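Working notes for the structure below.
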Amino acid sequence: MIIFSTFITHYQHRHMTTRRNFIKFSALGSLFSAHSFSLFGQKKTIELSKKPIVISTWNHGIMANKKAWETLSVGGKALDAVEKGVMEVENDPTGMSVGIGGRPDREGRVTLDACIMDEKSRCGAVAFLQDIKNPVAVARKVMEETPHVMLTGQGAKQFALEKGFKEENLLTPASEKEWREWLKASKYKPVINVENHDTIGMLALDSNGDLSGSCTTSGAAYKLHGRVGDSPIIGAGLFVDNEIGAACATGLGEAVIRVAGSHLVVELMRQGHNPEEACKLAVERIISKHENMEGVQVGFLALRKDGKYGGYSVFKGFNYALTNEDNKEVMIDVKYKIS
Ligand code: ASP
């Protein structure tokens, strides 16, 4: 969450200090088992990736991965896993950057963005959606039940209501209180990683070897009414190519859109870069397009078809959750470009 404000609330402080201490790995985790075999008398070792696997952004990735794992661990589809996984975070009213409880725009309205993409390159998205707490599920309906990719605003809401989604007030008392505080100064200045809860982007590889991804957010806090970030934009906030890999982004959406960030990461993997390198090169591309990097925090995550994964960010502070057969509740801090 890029927060357009300069204060840390009591809520955030409390939340930061009470959050669980997850196991931490520095930078890229190499958590694959090796398989040795003999070829023409020579001993060869290959790395076997752990399949299935799911990775997702920030600490809330832990609860999301747990949910996704219920599907992946019994041979379920990556598409179902990434939808159900991020819905856990959308449904959590204490998370102030996704779904219900998300920070509103400067007018006090919670507007949500989300998208989903599967192994057949099918995709769906909703942007500027109000009063519906599960935008990712609406995005999946757009993908599966319309000939379109993206619905926005009132049209997206009307579609959701027709599909049986419930209309509800997404502005929780905690979010409203913060927004009213913000209104006093109304400072429109991005602050990097004020708290470790942001957009959730999730990438999964299922036991069939298929990739899918999802991304959902309430976007930049106190944004202009109508602003849409990278998260619902296929190729920016999320991209999946089942032949190569998947990528997602978090951070300042405007910067991610400018370089079609997630698509760029996947294309870099296609050119042979490993997931971490691909994310790093995409970060460098963003830096090359900005004269001033103040407030331009972006983090990328990537998962390759063979199960290799990695991430990279502009500034320190971005982390992600990893879950596979051997690893549960693992948080990984990514390397970053600017200290
Ligand atoms: N990328 C999101 C947006 O710009 C926000 C975030 O990840 O913090 O809307």
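The values are calculated or read from the model by the stated rules, or taken from the named source; none is laboratory data. The structure presented is a predicted model; accordingly, all values stated were derived computationally and were not measured. As a convention, Cβ positions derive from the backbone with ideal geometry for all residues, glycine included, and neighbour counts pool all protein chains shown.
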Exercise for the section: Look at residue 110 and say whether it is under 21 Å from the mean Cα position of the chain (by Cα) and under 18 Å from residue 228 (Cα atoms). Expected result: yes
Handout entry: Members of segment 67-84 that are over 20 Å from residue 120 (Cα atoms) and in a helix (DSSP H, G or I)
Key = 67, 69, 70
Handout entry: Cβ-Cβ under 9 Å pairs, at least 6 apart or on other chains, segment 324-339 side of a type in the set (Phe, Trp, Tyr), far side not in a loop (DSSP other than H, G, I, E, B)
Key = 336/283; 336/299; 336/312; 336/313; 336/314; 336/315
Problem - Residue tally, condition more than 8 Å from the ligand (Cβ to nearest atom) and either charged (D, E, K, R) or not in a loop (DSSP other than H, G, I, E, B) (or both), over segment 247-265 - result: 10
Handout entry: Failed item, numbered, when residue 115 is tested on (1) assigned to a loop (DSSP other than H, G, I, E, B); (2) modelled with pLDDT of 95 or more
Key = (1)
Problem - Whichever residue in segment 228-246 is within 8 Å of the ligand (Cβ to nearest atom) and touching a residue at least 60 places away in the same chain (Cβ under 8 Å) and, among such residues, is farthest from residue 204 (Cα to Cα) - result: 228
Fill in the blank from the handout: With criteria (1) part of a loop (DSSP other than H, G, I, E, B); (2) within 21 Å of the chain's Cα centre (by Cα); (3) on the phi < 0 side of the Ramachandran plot, residue 121 comes up short on (3)
Practice task
From 126, 110, grab the single residue that is buried (at least 23 other Cβ atoms within 10 Å of the Cβ), in a loop (DSSP other than H, G, I, E, B), at pLDDT 95 or above and within 16 Å of the ligand (Cβ to nearest atom).
Solution key: 110
Handout entry: Filter result for residue 134 (out of contact with any helix residue (DSSP H, G or I) (no Cβ under 9 Å at 6 or more places or on another chain) and within 21 Å of residue 200 (Cα to Cα))
Key = no
Completion exercise
Across (1) in contact with a Lys or Arg (Cβ under 9 Å, 6 or more places away or on another chain); (2) modelled with pLDDT of 95 or more; (3) within 22 Å of residue 316 (Cα to Cα), residue 205 clears everything bar (3)
Practice task
Kindly check whether there is at least one residue in segment 179-190 that is buried (at least 18 other Cβ atoms within 10 Å of the Cβ), farther than 19 Å from residue 289 by Cα and more than 10 Å from the ligand (Cβ to nearest atom).
Solution key: yes
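Restricting to segment 200-220, name every residue that is within 16 Å of the ligand (Cβ to nearest atom) and assigned to a loop (DSSP other than H, G, I, E, B).
Result: 218, 219, 220.
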Problem - Number of the condition not met by residue 98 [criteria: (1) more than 17 Å from residue 229 (Cβ to Cβ); (2) modelled with pLDDT of 95 or more] - result: (1)
Practice task
Scan (1) farther than 19 Å from residue 216 by Cβ; (2) part of a strand (DSSP E or B); (3) in contact with a helix residue (DSSP H, G or I) (Cβ under 6 Å, 6 or more places away or on another chain) for the single condition residue 313 breaks and write down its number.
Solution key: (3)
Practice task
Taking only segment 280-299 into account, find how many residues are surrounded by 23 or more Cβ atoms within 10 Å (Cβ to Cβ) and not in a loop (DSSP other than H, G, I, E, B).
Solution key: 6
Handout entry: Sole exception among (1) part of a loop (DSSP other than H, G, I, E, B); (2) within 16 Å of the ligand (Cβ to nearest atom); (3) not small (Gly, Ala, Ser) for residue 93, by number
Key = (2)
Practice task
Look at residue 268 and say whether it is within 16 Å of the ligand (Cβ to nearest atom) and in a helix (DSSP H, G or I).
Solution key: no
Practice task
Select, from 249, 302, the only residue that is buried (at least 24 other Cβ atoms within 10 Å of the Cβ), free of Cβ contacts under 8 Å to residues at least 60 places away in the same chain and of a type in the set (Gly, Ala, Ser).
Solution key: 249
